[in-house]
Every structure is written in structure tokens, then in C-alpha cells.
1. Could you please find all residues in region 33-55 being of a type outside the set (V, I, T) and in a helix (DSSP H, G or I)?
2. Answer yes or no as to whether A68 is modelled with pLDDT under 55 and either assigned to a helix (DSSP H, G or I) or open to solvent by 70 Å² or more (accessible area, probe 1.4 Å) (or both).
3. Residue by residue through region 48-63, note down the ones that are farther than 15 Å from A24 by Cβ and loosely packed, with under 11 Cβ neighbours inside 10 Å.
Amino acid sequence: MSIAEKAIVYATLILADDNVEITADKLEAITKAAGVNIESIYFSLFAKAFEGKDVNELLLNVGSASAAPAAGAVAASGDAPAAAEEKKEESDEESDEDMGMGLFD
């Protein structure tokens with residue numbers, strides 16, 4: 001990660017920590033005060049990416065977003081016993097394929 005990338009990420013975190021709206025102008029002001037030269041396109045990209053989002057909430061819920069939909073899908077479908085039964089049948093079929101002729105027998 002380059003110094004410019006780190007600077008704009010840190011500027012975003014500074015604004016989020018102070019509960020200040022993340023805008024391109026504010027990001028530019030912070031990075032210029034730090035003496036880091038960044039292409040102007042990145043300020044608007046970061047401002048649009050975090051527009052209307054709570055950065056603190058995003059940081060707190062980094063790992064929970066991926067696990068929740070999978071658990072919710074099984075609970076919502078109500079077919080959990082059928083899925084477990086189907087998985088059991090698959091494992092029985094797989095065990096029939098090995099007829100004792102392994103590589104190291």
C-alpha cells in the first residue's frame with residue numbers, strides 16, 4: 001500500500017472517529033495538511049464510497065456479514081432436516097465407490 005493510499009484511509013478514519021461527514025473537500029484538507037500529494041480523483045471516490053455509511057459500524061461488523069446470510073438462508077427455508085438427510089445419502093454413495101482398491105492397499 002502506497003503512502004498516498006494510507007494517507008487517504010487514515011483521513012477517512014480521522015473523520016469517522018470525529019463523527020464528521022466524509023466529503024472530498026475534507027479528505028483533501030487533511031491529506032494536504034499532512035503534506036501528502038494525492039490525485040484528486042481519489043477524494044471523490046472515497047467520499048462516494050462512504051457516503052451515508054457509518055465507518056465505525058463497518059469496522060465493528062467486518063466478519064459478521066459473511067456468516068449471517070448463510071445461517072439465515074437455512075433457517076428461512078425450513079428444509080434443514082431434508083438438507084441433512086440429502087447430505088447423509090451423498091456420503092453413503094461416496095463410501096460405495098471405494099471398493100478397497102486404494103493406492104496403498
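1. Scanning region 33-55 gives A33, S40, Y42, F43, S44, L45, F46, A47, K48, A49.
2. Details: modelled with pLDDT under 55: yes; either assigned to a helix (DSSP H, G or I) or open to solvent by 70 Å² or more (accessible area, probe 1.4 Å) (or both): yes.
Criteria met by A68.
3. Selection gives E57, L59, L60, V62, G63.
The values are calculated or read from the model by the stated rules, or taken from the named source; none is laboratory data. Keep in mind it's a predicted model, so treat the numbers as computed, not measured. With ideal geometry, Cβ positions are generated from the backbone for all residues, glycine too; neighbour counts draw on all protein chains shown. Calculation scope for accessible area: heavy atoms of the full protein, side chains included, ligands and nucleic acids excluded. Shrake-Rupley method; radii C 1.70, N 1.55, O 1.52, S 1.80 Å.
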